[in-house]
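These notes concern the structure reproduced below.
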Amino acid sequence: MIAHDSPTDVTADATTTDATTDATYARAGFGAPVRRGVRPALVVVDLTRGFTEPAFPTGADLTEVVTATGALVEAAHRARVPVIWTAIVYTPAEAEGHTVTWLEKAPGMRALAEGSEAVRLDPRLPSRPEDPLIVKKGASAFFGTSLAASLTALGADTVLVCGATTSGCVRATAVDAVQFGYPVLVPRACVGDRARGPHDAALFDIQAKYGDVIGQDDALAYLRHPDRPHTHRPQEEPCPTRPHHRVS
(Lines give C-alpha, C1' and ligand atoms only; values in the text may rest on other atoms or scores of the structure.)
Protein backbone atom coordinates (compact mmCIF):
# COMPACT_ATOMS: atom_id res chain seq x y z
CA MET A 1 0.00 0.00 0.00
CA ILE A 2 1.20 3.51 -0.82
CA ALA A 3 0.97 5.84 2.17
CA HIS A 4 -0.02 9.46 1.58
CA ASP A 5 1.11 12.24 3.92
CA SER A 6 -2.09 14.23 3.48
CA PRO A 7 -5.43 14.19 1.62
CA THR A 8 -4.06 16.77 -0.81
CA ASP A 9 -1.70 14.12 -2.17
CA VAL A 10 -4.67 11.92 -3.06
CA THR A 11 -6.40 14.83 -4.75
CA ALA A 12 -3.31 15.57 -6.78
CA ASP A 13 -3.11 11.95 -7.87
CA ALA A 14 -6.75 12.00 -8.94
CA THR A 15 -6.19 14.99 -11.23
CA THR A 16 -3.43 13.29 -13.21
CA THR A 17 -4.56 13.12 -16.84
CA ASP A 18 -4.34 10.15 -19.13
CA ALA A 19 -1.96 12.12 -21.32
CA THR A 20 0.36 12.74 -18.40
CA THR A 21 0.27 9.08 -17.44
CA ASP A 22 1.04 8.00 -21.00
CA ALA A 23 3.90 10.49 -21.19
CA THR A 24 5.32 9.24 -17.90
CA TYR A 25 5.32 5.63 -19.07
CA ALA A 26 6.67 6.52 -22.50
CA ARG A 27 9.55 8.44 -20.91
CA ALA A 28 10.28 5.41 -18.74
CA GLY A 29 10.53 3.25 -21.85
CA PHE A 30 7.39 1.14 -21.48
CA GLY A 31 4.79 0.11 -24.04
CA ALA A 32 6.86 -1.09 -26.99
CA PRO A 33 5.14 -3.68 -29.22
CA VAL A 34 5.99 -7.32 -28.66
CA ARG A 35 7.66 -9.58 -31.18
CA ARG A 36 5.10 -11.96 -32.66
CA GLY A 37 6.14 -15.47 -33.52
CA VAL A 38 4.71 -17.83 -36.12
CA ARG A 39 3.50 -20.62 -33.80
CA PRO A 40 0.90 -19.09 -31.47
CA ALA A 41 -1.12 -20.86 -28.82
CA LEU A 42 -4.44 -19.68 -27.41
CA VAL A 43 -4.77 -19.94 -23.62
CA VAL A 44 -8.33 -19.47 -22.34
CA VAL A 45 -8.22 -18.69 -18.64
CA ASP A 46 -11.06 -19.73 -16.34
CA LEU A 47 -14.11 -19.15 -18.53
CA THR A 48 -16.06 -21.53 -16.35
CA ARG A 49 -19.66 -21.01 -15.35
CA GLY A 50 -18.57 -19.77 -11.93
CA PHE A 51 -17.00 -16.76 -13.63
CA THR A 52 -19.17 -16.23 -16.71
CA GLU A 53 -22.66 -16.45 -15.20
CA PRO A 54 -24.03 -14.00 -12.62
CA ALA A 55 -26.03 -16.70 -10.84
CA PHE A 56 -22.82 -17.93 -9.22
CA PRO A 57 -21.32 -15.96 -6.30
CA THR A 58 -17.99 -15.57 -8.07
CA GLY A 59 -19.55 -14.81 -11.45
CA ALA A 60 -20.73 -11.99 -13.65
CA ASP A 61 -22.44 -11.78 -17.01
CA LEU A 62 -19.51 -12.26 -19.39
CA THR A 63 -21.66 -13.11 -22.39
CA GLU A 64 -19.77 -10.79 -24.75
CA VAL A 65 -16.42 -12.13 -23.57
CA VAL A 66 -17.62 -15.69 -24.13
CA THR A 67 -18.87 -14.81 -27.62
CA ALA A 68 -15.67 -13.05 -28.65
CA THR A 69 -13.49 -15.80 -27.20
CA GLY A 70 -15.57 -18.43 -28.95
CA ALA A 71 -14.84 -16.76 -32.28
CA LEU A 72 -11.10 -16.89 -31.55
CA VAL A 73 -11.29 -20.52 -30.49
CA GLU A 74 -13.08 -21.48 -33.69
CA ALA A 75 -10.49 -19.59 -35.76
CA ALA A 76 -7.69 -21.30 -33.86
CA HIS A 77 -9.20 -24.74 -34.43
CA ARG A 78 -9.55 -24.07 -38.15
CA ALA A 79 -5.94 -22.89 -38.34
CA ARG A 80 -4.71 -25.81 -36.19
CA VAL A 81 -3.48 -23.41 -33.54
CA PRO A 82 -3.40 -25.12 -30.11
CA VAL A 83 -6.14 -24.14 -27.68
CA ILE A 84 -5.51 -24.71 -23.97
CA TRP A 85 -8.22 -24.19 -21.36
CA THR A 86 -7.77 -23.62 -17.65
CA ALA A 87 -10.12 -23.95 -14.71
CA ILE A 88 -9.78 -23.29 -11.00
CA VAL A 89 -10.96 -26.41 -9.18
CA TYR A 90 -10.63 -27.22 -5.49
CA THR A 91 -10.99 -30.58 -3.79
CA PRO A 92 -13.38 -30.73 -0.82
CA ALA A 93 -10.39 -30.65 1.53
CA GLU A 94 -9.03 -27.54 -0.18
CA ALA A 95 -12.39 -25.80 -0.47
CA GLU A 96 -13.35 -26.42 3.14
CA GLY A 97 -9.95 -26.34 4.81
CA HIS A 98 -6.95 -24.07 5.23
CA THR A 99 -4.33 -25.48 2.87
CA VAL A 100 -4.88 -22.85 0.13
CA THR A 101 -3.91 -19.47 1.56
CA TRP A 102 -5.57 -17.60 -1.31
CA LEU A 103 -8.94 -18.86 -0.07
CA GLU A 104 -8.41 -17.10 3.23
CA LYS A 105 -8.21 -13.79 1.36
CA ALA A 106 -10.89 -14.63 -1.22
CA PRO A 107 -13.30 -17.03 0.54
CA GLY A 108 -15.87 -16.69 -2.22
CA MET A 109 -13.58 -18.83 -4.37
CA ARG A 110 -14.33 -21.81 -2.13
CA ALA A 111 -17.44 -22.31 -4.25
CA LEU A 112 -15.21 -23.51 -7.10
CA ALA A 113 -15.36 -27.10 -5.88
CA GLU A 114 -14.67 -30.15 -8.00
CA GLY A 115 -17.82 -31.76 -9.39
CA SER A 116 -19.83 -28.55 -9.15
CA GLU A 117 -21.42 -26.69 -12.03
CA ALA A 118 -19.29 -23.66 -11.16
CA VAL A 119 -16.11 -25.31 -12.49
CA ARG A 120 -17.56 -26.49 -15.80
CA LEU A 121 -16.39 -24.67 -18.90
CA ASP A 122 -19.10 -22.34 -20.15
CA PRO A 123 -21.18 -24.57 -22.48
CA ARG A 124 -21.40 -21.77 -25.04
CA LEU A 125 -17.69 -22.14 -25.76
CA PRO A 126 -16.62 -24.42 -28.65
CA SER A 127 -14.15 -26.59 -26.75
CA ARG A 128 -13.05 -29.87 -28.27
CA PRO A 129 -12.09 -33.16 -26.58
CA GLU A 130 -8.55 -32.83 -27.91
CA ASP A 131 -8.05 -29.42 -26.30
CA PRO A 132 -5.99 -29.73 -23.09
CA LEU A 133 -7.67 -28.64 -19.86
CA ILE A 134 -5.35 -27.53 -17.09
CA VAL A 135 -6.64 -27.45 -13.53
CA LYS A 136 -5.09 -24.79 -11.33
CA LYS A 137 -5.30 -23.63 -7.74
CA GLY A 138 -3.95 -20.10 -8.02
CA ALA A 139 -4.24 -17.01 -10.20
CA SER A 140 -1.61 -17.72 -12.84
CA ALA A 141 -2.25 -20.52 -15.30
CA PHE A 142 1.47 -21.32 -15.03
CA PHE A 143 1.86 -21.59 -11.27
CA GLY A 144 1.96 -25.21 -10.13
CA THR A 145 0.70 -26.52 -13.50
CA SER A 146 2.04 -28.16 -16.65
CA LEU A 147 1.22 -25.19 -18.89
CA ALA A 148 4.83 -24.16 -19.58
CA ALA A 149 5.79 -27.74 -20.44
CA SER A 150 2.72 -28.09 -22.67
CA LEU A 151 3.56 -24.91 -24.59
CA THR A 152 7.13 -26.13 -25.06
CA ALA A 153 5.94 -29.52 -26.29
CA LEU A 154 3.59 -27.81 -28.76
CA GLY A 155 6.40 -25.61 -30.07
CA ALA A 156 4.52 -22.42 -29.26
CA ASP A 157 6.41 -19.15 -29.55
CA THR A 158 3.60 -16.67 -28.74
CA VAL A 159 0.70 -16.81 -26.30
CA LEU A 160 -2.71 -15.20 -26.72
CA VAL A 161 -4.43 -14.91 -23.35
CA CYS A 162 -8.22 -14.71 -23.04
CA GLY A 163 -10.54 -15.17 -20.09
CA ALA A 164 -11.39 -13.93 -16.62
CA THR A 165 -10.81 -12.02 -14.61
CA THR A 166 -8.73 -9.34 -16.28
CA SER A 167 -7.28 -8.01 -13.05
CA GLY A 168 -6.72 -11.44 -11.53
CA CYS A 169 -5.98 -14.61 -13.42
CA VAL A 170 -5.57 -13.01 -16.86
CA ARG A 171 -3.00 -10.50 -15.66
CA ALA A 172 -1.17 -13.11 -13.56
CA THR A 173 -1.02 -15.45 -16.55
CA ALA A 174 0.26 -12.69 -18.84
CA VAL A 175 3.01 -11.79 -16.36
CA ASP A 176 4.15 -15.40 -16.01
CA ALA A 177 3.95 -16.02 -19.76
CA VAL A 178 6.41 -13.23 -20.52
CA GLN A 179 8.64 -14.41 -17.66
CA PHE A 180 8.71 -17.84 -19.32
CA GLY A 181 9.85 -16.15 -22.53
CA TYR A 182 6.61 -15.96 -24.49
CA PRO A 183 5.47 -12.77 -26.24
CA VAL A 184 1.94 -12.07 -24.98
CA LEU A 185 -1.14 -10.82 -26.83
CA VAL A 186 -4.35 -10.03 -24.96
CA PRO A 187 -7.44 -9.48 -27.16
CA ARG A 188 -9.42 -6.77 -25.36
CA ALA A 189 -12.84 -8.16 -26.32
CA CYS A 190 -11.93 -11.57 -24.89
CA VAL A 191 -11.22 -10.60 -21.29
CA GLY A 192 -13.62 -9.46 -18.60
CA ASP A 193 -13.86 -8.55 -14.93
CA ARG A 194 -16.41 -7.79 -12.24
CA ALA A 195 -15.82 -4.03 -12.32
CA ARG A 196 -14.62 -1.41 -14.78
CA GLY A 197 -11.78 0.07 -12.71
CA PRO A 198 -9.76 -3.11 -12.12
CA HIS A 199 -10.33 -4.20 -15.72
CA ASP A 200 -9.03 -0.95 -17.20
CA ALA A 201 -6.10 -0.78 -14.80
CA ALA A 202 -5.04 -4.33 -15.60
CA LEU A 203 -5.19 -3.76 -19.36
CA PHE A 204 -3.17 -0.57 -18.98
CA ASP A 205 -0.56 -2.46 -16.96
CA ILE A 206 -0.37 -5.36 -19.41
CA GLN A 207 -0.02 -3.01 -22.37
CA ALA A 208 2.69 -1.01 -20.64
CA LYS A 209 4.82 -3.86 -19.33
CA TYR A 210 3.91 -7.37 -20.35
CA GLY A 211 2.19 -7.69 -23.72
CA ASP A 212 0.10 -6.10 -26.43
CA VAL A 213 -3.59 -5.43 -25.83
CA ILE A 214 -5.09 -5.91 -29.28
CA GLY A 215 -8.41 -5.76 -31.10
CA GLN A 216 -10.54 -8.71 -32.14
CA ASP A 217 -9.87 -8.29 -35.86
CA ASP A 218 -6.13 -8.20 -35.25
CA ALA A 219 -6.31 -11.36 -33.14
CA LEU A 220 -8.39 -13.21 -35.74
CA ALA A 221 -6.07 -12.19 -38.58
CA TYR A 222 -3.03 -13.31 -36.62
CA LEU A 223 -4.53 -16.71 -35.81
CA ARG A 224 -5.46 -17.28 -39.43
CA HIS A 225 -2.07 -16.25 -40.80
CA PRO A 226 0.56 -16.06 -38.06
CA ASP A 227 3.34 -16.10 -40.63
CA ARG A 228 2.24 -12.78 -42.14
CA PRO A 229 3.38 -9.37 -40.83
CA HIS A 230 0.79 -7.72 -38.61
CA THR A 231 0.51 -4.09 -37.61
CA HIS A 232 -0.11 -3.70 -33.88
CA ARG A 233 -3.13 -1.50 -33.12
CA PRO A 234 -3.27 -1.38 -29.32
CA GLN A 235 -6.61 -1.19 -27.55
CA GLU A 236 -8.46 -0.24 -30.69
CA GLU A 237 -11.89 -1.23 -29.39
CA PRO A 238 -13.88 0.98 -27.02
CA CYS A 239 -14.43 -0.28 -23.51
CA PRO A 240 -18.14 -0.55 -22.67
CA THR A 241 -19.35 1.11 -19.50
CA ARG A 242 -22.29 -1.07 -18.49
CA PRO A 243 -21.24 -3.85 -16.11
CA HIS A 244 -23.01 -6.65 -17.96
CA HIS A 245 -20.86 -6.13 -21.04
CA ARG A 246 -17.22 -7.19 -21.42
CA VAL A 247 -16.36 -5.57 -18.11
CA SER A 248 -18.52 -7.32 -15.57
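Between PHE51, THR63, PRO187, whose Cα lies farthest towards the positive end of the dipole of the chain when Lys and Arg beta carbons carry +1 and Asp and Glu beta carbons carry -1, centred on the Cα centre?
So the residue we want is PRO187.
Starting from the Cα of THR20, step 7 Å along the direction of its Cβ; do the same at ALA79; then give the gap between the two resulting points in nm.
Taking the two extended label points, one gets 4.1 nm.
How much net charge surrounds LEU220 when only other residues with a Cβ under 12 Å from its Cβ are counted (Lys, Arg +1; Asp, Glu -1)? If you can, show how the numbers build up before the last one.
Numbers: positive: ARG78, ARG224; negative: GLU74, ASP217, ASP218.
It works out to a net charge of -1.
Sort TRP102, TRP85 by accessible area with a 1.4 Å probe, largest first.
Sorted descending by solvent-accessible area, the residues read TRP102, TRP85.
List the trypsin sites (Lys or Arg not before Pro) within the stretch 16-113 that fall in a DSSP loop (any state other than H, G, I, E or B) and whose Cβ has at most 12 other Cβ atoms within 10 Å.
ARG35, ARG80
Magnitude of the Cβ-charge dipole of the stretch 133-229, K/R +1 and D/E -1, about the Cα centre, nearest 20 debye? Before the final figure, lay out the partial values.
Numbers: 9 positive and 9 negative charges, 60 e Å.
With only Lys, Arg, Asp and Glu charged at Cβ, the dipole is about 280 debye.
Excluding PRO54 itself, calculate the net charge of residues whose Cβ lies under 11 Å from the Cβ of PRO54, where each Lys or Arg counts +1 and each Asp or Glu counts -1.
0
How would you rank 86-92, 152-158, highest first, on the average number of other Cβ atoms within 10 Å across their residues?
Highest mean packing first, the order is 86-92, 152-158.
Explain nothing, just the number: relative contact order of the stretch 83-214, from Cα pairs under 8 Å at least 6 residues apart, as a whole percent.
This gives 20 percent for the stretch 83-214.
How large is the accessible surface per residue of the stretch 173-224, computed with a 1.4 Å probe and reported in Å² as a whole number?
30 Å²
Please report, in cubic angstrom per residue, the volume enclosed by the convex hull of the alpha-carbon atoms of the stretch 8-131.
Per-residue hull volume (Cα only) is 204 Å³.
Can you tell which of ALA93, LEU125, PHE143 lies farthest toward the positive end of the dipole of the stretch 41-143, using +1 and -1 charges on the Cβ of basic and acidic side chains (Lys, Arg; Asp, Glu)?
The residue sitting most towards the positive pole is PHE143.
Between ALA55 and PHE180, what FRET efficiency comes out of the Förster formula 1/(1 + (r/R0)^6) with R0 = 30 Å and r the beta carbon distance, rounded to 0.05?
Values: r = 35 Å, r/R0 = 1.18.
E between PHE180 and ALA55, to the nearest 0.05, is 0.25.
Please work out how much length the chain gains when fully extended from SER116 to THR101, using 0.36 nm per residue of separation minus the C-alpha to C-alpha distance, in nm with one decimal.
Roughly 3.3 nm would be gained on extension.
Mind putting a number on the dipole of the chain about its Cα centre? Charges go on the C-beta only, +1 for Lys and Arg and -1 for Asp and Glu, and I need it in Debye to the nearest 20.
I would put it at about 600 debye.
Just to be sure I understand: if I project the alpha-carbon convex hull of the stretch 123-210 onto a plane and average over all orientations, what area do I get in nm²?
Computed as one quarter of the Cα hull surface, the answer is 6.2 nm².
Give me the one-decimal Kirkwood hydrodynamic radius in Å for the chain, with the sum taken over alpha-carbon pairs.
When all Cα pairs of the chain are included, the Kirkwood radius is 18.6 Å.
Which of rounded, prolate, oblate describes the stretch 24-90, given a ≥ b ≥ c as roots of the alpha-carbon gyration tensor eigenvalues and a/c under 1.5 marking rounded, otherwise prolate only if a/b is larger than b/c?
Judged from the Cα gyration tensor, the stretch 24-90 comes out oblate (a/c at least 1.5, b/c at or above a/b).
Using a 1.4 angstrom probe on heavy atoms only, work out the carbon and sulfur share of the accessible area of the stretch 71-187 in %.
Reported share for carbon and sulfur atoms: 57 percent.
List the pair-distance distribution P(r) of the stretch 179-222, using every Cα-Cα distance, as the percent of pairs falling in each 5 Å bin from 0 up to the bin containing the longest distance, rounded to whole percents.
5, 22, 28, 24, 16, 5, 0
The values are calculated or read from the model by the stated rules, or taken from the named source; none is laboratory data. Keep in mind it's a predicted model, so treat the numbers as computed, not measured. Positions of Cβ are backbone-derived with ideal geometry, glycine not excepted, and every protein chain shown enters the neighbour counts. We work out accessible area using only protein heavy atoms, side chains counted, and drop any ligands, DNA or RNA first. Shrake-Rupley method; radii C 1.70, N 1.55, O 1.52, S 1.80 Å.
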